[in-house]
Amino acid sequence: MHGTHLIAVLFMFLAVSFEAQQTSVRPSSQSGTVLSAKARPAWMASSISKMEPELAAKYGDPQKTRVQQGLRQVSEFWRAEDGDAATFEEFVRTNFAGDQAMLDTMFNRYQRLLEQLDGHMHEINREFRQQQDLDAGPVLSFDEIFAGYDPSAHVIDDFFANKLAFVVLLNFPLTTLQQRLHDGPNWSRRQWAEVRLAQRFDKRIPADVNLAIAQAGADADAYIAQYNIWMHHLLNDQGQHLFPPKMRLLSHWNLRDEIKSDYADSQDGLAKQHMIQQVMERIVTQTIPQSVIDNPQLDWNPYTNEVRPAAVKDSDQGGKTQSASNTREPDTRYAKLLGTFLASRKADPYSPTAPTLIARRFDEDREIPEPRVQAMLEQVVSSPLVAQTAKLIQSRLGRPLEPFDIWYNGFRPGSKYSEAELDAIVAKKYPTAEAYQKDIPNLLMKLGFSPQRAEYVASNIVVDPARGSGHAMGAEMRSEKAHLRTRVEKKGMNYKGFNIAVHEMGHNVEQTFSLNDVDYTLLKGVPNTAFTEALAFVFQGRDLELLGLPAPDEKAEAEKTLNDFWGTYEISGVALVDMGVWHWMYDHPQATPAQLNHATVQIAKDIWNRYYAPVFGKKDVVLLAVYSHMIDSFLYLPDYPIGHMIAFQIEQQMNKAGSIGPEFERMAKMGRVTPDLWMEHATGKPVGPEALLEATKRALTALTAMQPDAAAGSD
Ligand SMILES: [Zn+2]
């Protein structure tokens, strides 16, 4: 994963989280009646009792269940403005597909036309973003407006207004996650395609609700985006500045990354890390002075909380001329989070099967029930492998662990080649983007694709010079190609660029198979972004071999595995806090920001005390609540640990299969079914942490054998 792509993924996620045009689950009949009672026109019940026998008589008993289901589904979304009783009855009479031939025709036509719709909308988006995405000269103000415009934003509203959505709801089944998990494995591929077709129209959220959600999200984003700490202005008790002038770090990303890079500073590293932890804790508890946020004009001792005018000027940033007050930030962090909660709640009545944001995240976006996700996360954080890994870290650091060591970054694969040597090899091979494009079939054959398949996939990928570090943009219809955006410097591609290009190529190959070779385009894609990331990592992890260099050795592999395991341990706790906080908000919808602050701190401490304190030997730490995503990303954090687990499952299967090419194609052609069904098909097991834990165990054994003094694994 890398910056630009991460941002793209997060952006896509946020776009989804605003639920403007979410494709998800159906209203259950049970709570659906609550919604219907509110919105359903008074004549609806009698129209249904009239039409049900009429259609059953016309098409025969075998269609009776479909008739009942279709009428119920349409009635749940029909509003007064859609027409009166006569309009409803005529609509139903005209559009019910009462025999298989008519249903087939309808299915095929919707499939073809929705592919065209998605494909062309995406094509417009891609063109409109071109100036911003490609290395093609200055981005002008109107280019940004083009890039931000989404021509498909109102498609769902339009399809309800012109009744194309109602035709689908009348004829194809809405399903619950429970049904998809329980019955899905026995459905035919066509049934799965019908289920995904219906899911496109399983919600009709009023525009003002979508707008409120988007505004709360944007408001929280803006708060997070300016939450900088001016590091040179942090003073310790001796009045020393530990950090260099001009250093401005965005919470929490840059603060966390600074903790990581401070491991390399043998002189002040530890003191710096302590200080950053102190700053993070003050952000979480909101005891940070309001005046020091993004303000280079004040010096601040985060231990005593003393604030005074800056002794040195290291920035031209003016504006903030607050007096040197240490009045605390007034729970703004939690007011923003509460804002996203209150806005999300407005969509609840229009989403009866998933009547909370929590349910929409787990049942619809992830399609893994929350209790299972919780169990998987707990399996990681309570694994005995944590203590063994901690012991290894402790021996490498030569000191007892500190809470900020959840961000330990000392597991390094290492390489026989220096970055400069690799840069030279890559620049010679790929002086231009075209050179990389030409080499794609060759690269794919090295990964085990047959010459024909390699040519076929390569012919569906267009390489463009990226403005940023690179990203992959798949097509949405078969007549379009996937785009690989890669960074090529004037002196040619460098190793970092190549590493990213290989990752993005993995995305493009997945995108090609899962669109062009899936049996139904309604099933195009993968269950969620974690799957395409995992497939991209399979490619990226073999980048040295693609350069004709030796594969990473056993030690390098083991280091990489432990790095991933430790990261998963850390982010699993963060995800558990995120989940706990959203439940608390739903349990206390009237809460004030101050109460939410108190609750969040308590939840973070509880999770820490249960799963981290035994390892770190310190209680009541609040660091797990520092992630900015918690404030502005609508319960996104559980995606990260699940992503790690999925990556290990897929990697394990690739190793088992030996050759990547055919296995990759077999997996990617499965399309967008539930994560568990996809994973069963790919690896024989549902989604879970076992592959990660098994690899970690092997890595610990291997590293302990190489470094016996670490004594990892003993007692
Ligand atoms: Zn990626």
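The values are calculated or read from the model by the stated rules, or taken from the named source; none is laboratory data. This structure is a prediction, so every number in the text was calculated from the model and none was measured. Cβ atoms come from the backbone with ideal geometry, glycine included; neighbour counts cover every protein chain shown. The area values use the complete protein model at the heavy-atom level, side chains included, leaving out ligands, DNA and RNA. Shrake-Rupley method; radii C 1.70, N 1.55, O 1.52, S 1.80 Å.
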- Query: List pairs: first in the range 581-592 and within 16 Å of Met630 (Cβ to Cβ), second open to solvent by less than 70 Å² (accessible area, probe 1.4 Å), Cβ under 6 Å, 6+ apart or cross-chain?
  - Reply: Val581/Thr600; Val581/Ile603; Trp582/Ile358; Trp582/Leu635; Trp584/Ala599; Met585/Phe341; Tyr586/Thr356
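Look through the range 513-529, keep the residues that are in a helix (DSSP H, G or I) and more than 15 Å from Glu665 (Cα to Cα), and return whichever of them is most open to solvent (accessible area, probe 1.4 Å). Lay out the reasoning, then the answer.
The first filter runs over the range 513-529 and keeps only residues in a helix (DSSP H, G or I), leaving 513-516, 521-523, 529.
Those left that are additionally more than 15 Å from Glu665 (Cα to Cα): 521-523, 529.
On the way: Thr521: 12, Leu522: 16, Leu523: 0, Thr529: 47 Å².
The qualifying residue most open to solvent (accessible area, probe 1.4 Å) is Thr529.
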- Query: Any chance the range 384-392 includes a residue that's within 17 Å of Ile571 (Cβ to Cβ), within 27 Å of the chain's Cα centre (by Cα) and among the small types (Gly, Ala, Ser)?
  - Reply: no
- Given the conditions (1) within 11 Å of the ligand (Cβ to nearest atom); (2) open to solvent by 20 Å² or more (accessible area, probe 1.4 Å); (3) over 19 Å from Arg196 (Cα atoms), report the number of the one that Phe539 does not fulfil. (2)
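Quick one: which of Asp262, Asp294, Asp257 is open to solvent by less than 10 Å² (accessible area, probe 1.4 Å), among the acidic types (Asp, Glu) and under 30 Å from Ile603 (Cβ atoms)? Even if it seems obvious, please write down each step before you answer.
On the way: Asp294 fails: open to solvent by less than 10 Å² (accessible area, probe 1.4 Å); Asp257 fails: open to solvent by less than 10 Å² (accessible area, probe 1.4 Å).
Asp262 is the lone residue from the list that is open to solvent by less than 10 Å² (accessible area, probe 1.4 Å), among the acidic types (Asp, Glu) and under 30 Å from Ile603 (Cβ atoms).
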- Message: When the residues of the range 451-467 are narrowed to those that are touching a Pro at 6+ places or on another chain (Cβ under 6 Å) and open to solvent by less than 40 Å² (accessible area, probe 1.4 Å), which ends up farthest from the ligand (Cβ to nearest atom)?
- Response: Ala454
- Task: Kindly check whether there is at least one residue in the range 549-564 that is open to solvent by 20 Å² or more (accessible area, probe 1.4 Å) and within 16 Å of the ligand (Cβ to nearest atom).
- Result: yes
- Mind counting the residues in the range 639-659 that are open to solvent by less than 20 Å² (accessible area, probe 1.4 Å) and of a type in the set (Ser, Thr, Tyr)? 0
- Message: I need the full set of residues from the range 403-422 which are open to solvent by 50 Å² or more (accessible area, probe 1.4 Å) and in contact (Cβ under 8 Å) with a residue 60 or more places away in the chain, in order please.
- Response: Arg412, Pro413, Gly414, Ser415, Lys416, Tyr417, Glu419
- Item | Pair list, Cβ under 8 Å, 6 or more apart: the range 31-49 residue within 15 Å of Asp348 (Cβ to Cβ), other residue at pLDDT below 50 | Leu35/Pro27
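Any chance the range 428-440 includes a residue that's farther than 30 Å from Ile276 by Cα, among the polar types (S, T, N, Q), modelled with pLDDT of 95 or more and open to solvent by 20 Å² or more (accessible area, probe 1.4 Å)?
Applying the first criterion (farther than 30 Å from Ile276 by Cα) to the range 428-440 yields 428-440.
In the following step, the residues that additionally are among the polar types (S, T, N, Q) were identified as 432, 437.
Right, trim to modelled with pLDDT of 95 or more and you get 437.
From what's left, open to solvent by 20 Å² or more (accessible area, probe 1.4 Å): 437.
Looking for residues that are farther than 30 Å from Ile276 by Cα, among the polar types (S, T, N, Q), modelled with pLDDT of 95 or more and open to solvent by 20 Å² or more (accessible area, probe 1.4 Å), one finds at least one in the range 428-440, hence yes.
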- Hey, can you tell me all the residues within the range 637-661 that are in a helix (DSSP H, G or I) and touching a Lys or Arg at 6+ places or on another chain (Cβ under 8 Å)? Asp639, Ile642, Gln649, Ile660, Gly661
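I'd like to check something: does the range 162-170 contain any residue that is of a type outside the set (S, T, N, Q) and open to solvent by 80 Å² or more (accessible area, probe 1.4 Å)?
Applying the first criterion (of a type outside the set (S, T, N, Q)) to the range 162-170 yields 163-170.
Remaining after also requiring open to solvent by 80 Å² or more (accessible area, probe 1.4 Å): none.
Checked against the condition, which is being of a type outside the set (S, T, N, Q) and open to solvent by 80 Å² or more (accessible area, probe 1.4 Å), the range 162-170 yields no hits at all.
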- Query: Only one of these conditions is not met by Ala534: (1) open to solvent by less than 50 Å² (accessible area, probe 1.4 Å); (2) away from the ligand (no atom under 15 Å from the Cβ); (3) outside any loop (DSSP other than H, G, I, E, B). Which number is it?
  - Reply: (2)
- Message: Within the range 366-375, take every residue that is in a helix (DSSP H, G or I) and open to solvent by less than 40 Å² (accessible area, probe 1.4 Å) and give me the one that is nearest to Leu677 (Cα to Cα).
- Response: Arg366
- Selection from the range 468-512 of residues that are within 16 Å of the ligand (Cβ to nearest atom) and in a strand (DSSP E or B): Gly470, His471, Ala472, Met473, Ala482, His483, Leu484, Arg485, Thr486
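If the requirement is being of a type in the set (A, V, I, L, M), farther than 27 Å from Leu250 by Cα and free of Cβ contacts under 8 Å to residues at least 60 places away in the same chain, which of these qualifies: Ala536, Ala551, Ala599, Ala556? Lay out the reasoning, then the answer.
Values: Ala536 fails: free of Cβ contacts under 8 Å to residues at least 60 places away in the same chain; Ala599 fails: farther than 27 Å from Leu250 by Cα; Ala556 fails: free of Cβ contacts under 8 Å to residues at least 60 places away in the same chain.
Checking each option against the conditions leaves just Ala551.
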- Message: Which condition from (1) out of contact with any helix residue (DSSP H, G or I) (no Cβ under 9 Å at 6 or more places or on another chain); (2) in a loop (DSSP other than H, G, I, E, B); (3) not polar (S, T, N, Q) is the one that Phe449 breaks?
- Response: (1)
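Suppose we filter the range 264-299 for residues that are among the charged types (D, E, K, R) and without any contact (Cβ under 8 Å) to a residue 40 or more places away in the chain; how many remain?
4
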- Task: State which residue is nearest to the ligand (Cβ to nearest atom) when the search covers only the range 513-531 and only residues that are closer than 19 Å to Ile642 by Cβ and of a type in the set (A, V, I, L, M).
- Result: Ala530
- Note on the structure: Flagged in the range 93-126 as of a type in the set (S, T, N, Q) and farther than 24 Å from Gln191 by Cβ, in numbering order, are Thr94, Asn125
- Task: For the range 70-114, name all the residues that are more than 18 Å from Pro41 (Cβ to Cβ), outside any loop (DSSP other than H, G, I, E, B) and open to solvent by 50 Å² or more (accessible area, probe 1.4 Å).
- Result: Thr94, Gln100, Ala101, Met102, Thr105, Asn108, Arg109, Arg112, Leu113
- Would a scan of the range 147-161 turn up a residue that is buried (at least 18 other Cβ atoms within 10 Å of the Cβ), touching a strand residue (DSSP E or B) at 6+ places or on another chain (Cβ under 7 Å) and modelled with pLDDT under 95? no
- Tyr417 is checked against (1) within 17 Å of Asp543 (Cα to Cα); (2) outside any helix (DSSP H, G or I); (3) within 16 Å of the ligand (Cβ to nearest atom) and fails just one. What number does that condition carry? (3)
